[in-house]
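Student: Attaching a single structure in structure tokens format; questions to follow.
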Amino acid sequence: MQLFITNVLISMLWALLTGRVTVGNLAVGFALGYLALTLMYSNAVEKSSYFQKTVQLIRFTLIFFKELIVSSWRVAVDVVKPLPLMRPGVIGIPLDAETDLEITLLANVISLTPGTLSLDVSKDRKTLYIHAMYVVNPDDLRAEIKDGLERRLLELLR
């Protein structure tokens with residue numbers, strides 16, 4: 001946590017020294033600070049948590065945006081076609097997520113991607129029910145969510 005705070009301070013210092021306090025300039029300062037801290041703490045034990053979590057956050061963000069673009073494209077193409085390819089369905093996804101935060105974040109990430117919507121969580125909190133517009137094979141969709149979004153989200157949070 002100390003390295004993160006140090007990185008934020010470096011970012012603010014960068015913005016003040018350049019004379020432009022904008023989101024883009026803060027992001028550049030954060031990236032430069034991250035690079036400087038990586039070089040300074042190349043063998044530190046603290047590196048294992050802060051730098052690994054940062055890489056995991058970037059990886060999760062990229063996977064989420066990939067899913068967002070692919071699902072948006074799929075829905076947009078289907079809306080334009082005269083005969084829709086939709087095969088809607090409701091499926092249950094067994095959860096590895098255990099805490100309220102993990103389940104809530106997973107449900108929200110699923111709902112943010114076009115064509116899917118989180119509906120409910122079972123009373124024992126072991127299954128998340130979702131509605132999907134394209135359910136060709138329910139097992140493939142379950143595997144896609146579990147191996148993609150859920151696994152990456154849990155890596156980031158745990």
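The values are calculated or read from the model by the stated rules, or taken from the named source; none is laboratory data. Note that the coordinates shown come from a computational prediction; the quantities given were computed from them, not determined experimentally. Here the Cβ positions follow ideal geometry from the backbone for every residue, glycine too, while neighbour counts run over all protein chains shown.
Student: In region 8-64, what residues are assigned to a helix (DSSP H, G or I), exposed (fewer than 12 other Cβ atoms within 10 Å of the Cβ) and of a type in the set (Ser, Thr, Tyr)?
Tutor: Ser48
Student: Shifting gears a bit: Hey, among the residues in region 65-89 that are more than 27 Å from Leu154 (Cα to Cα) and part of a helix (DSSP H, G or I), which one's farthest from the chain's Cα centre (by Cα)?
Tutor: Val80
Student: While we're looking at this one, here's another question. Give the residue, chosen from Leu119, Leu149, Leu106, Leu95, that is more than 17 Å from the chain's Cα centre (by Cα), in the same structural domain as Ile63 (by TED's automatic domain parsing) and surrounded by 12 or more Cβ atoms within 10 Å (Cβ to Cβ).
Tutor: Just one listed residue meets the conditions, Leu119.
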